[in-house]
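Where a number appears in this text, it was derived from the coordinates with a stated rule and is not lab data. This is a predicted model, so every value here is computed, not measured. Virtual Cβ from ideal backbone geometry, glycine too; neighbours counted across all protein chains shown.
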């Protein structure tokens with residue numbers, strides 16, 4: 001009886017593991033949201049919005065989701081300011097493991113979205129390192145206010161509209177919803193960066209990463 005019980009336990013454990021793996025299986029064809037696993041490598045100089053969008057597409061293609069139209073969640077400032085919230089379609093958005101993160105634009109910027117360290121995954125379905133990990137990379141470039149809009153005035157909040165890897169600053173969010181700054185639990189507008197270089201972004205808990213959304 002003991003052998004049968006032990007075997008039953010093993011079988012149940014195996015079935016449970018298989019079920020868990022099935023639930024967590026990658027679904028790149030359904031993915032419509034991710035954090036870039038890496039930035040272009042030149043700090044906050046992303047080549048402007050076009051360069052950032054292209055980076056989103058390249059990473060999505062490598063992950064098997066290149067059939068969609070991808071946009072970086074980034075605002076720009078100045079006379080032709082662009083709001084990040086206006087670039088990303090209407091939703092809903094799912095991560096690489098087919099988990100819903102937000103139903104629509106209002107849900108995305110509301111209090112009940114499903115964004116956090118366990119759900120804001122990269123294009124490969126991997127968790128991005130956050131506060132308490134080594135290295136911490138929870139600062140995600142957005143250049144946006146809490147509502148997903150560009151900042152008014154002359155202050156630089158976008159590293160010169162994503163063309164500077166030197167002087168300037170960019171608003172960043174915390175993908176793990178924790179840390180410092182005026183809005184430490186905000187996924188899109190926690191605080192400004194120390195500078196725009198790769199070393200400055202790394203030095204304050206970032207790595208030049210940003211959010212990508214499919215608009216179709």
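Remarks
- Principal-axis tilt of helix 48-63 within the chain, Cα atoms, nearest 10 degrees: 10 degrees
- Distance between the C-alpha centres of segment 142-216 and segment 29-103: 14 Å, rounded to the whole angstrom.
- Between the Cα long axis of helix 2-23 and the first principal axis of the chain there is an angle of about 30°, rounded to the nearest 10.
- Prolate/oblate/rounded call for segment 28-214, Cα gyration tensor, a/c under 1.5 rounded: rounded
- As a proxy for reagent exposure, 107, 50, 154, 45 were ordered by neighbouring Cβ count within 10 angstrom, fewest first; the result is 154, 50, 107, 45.
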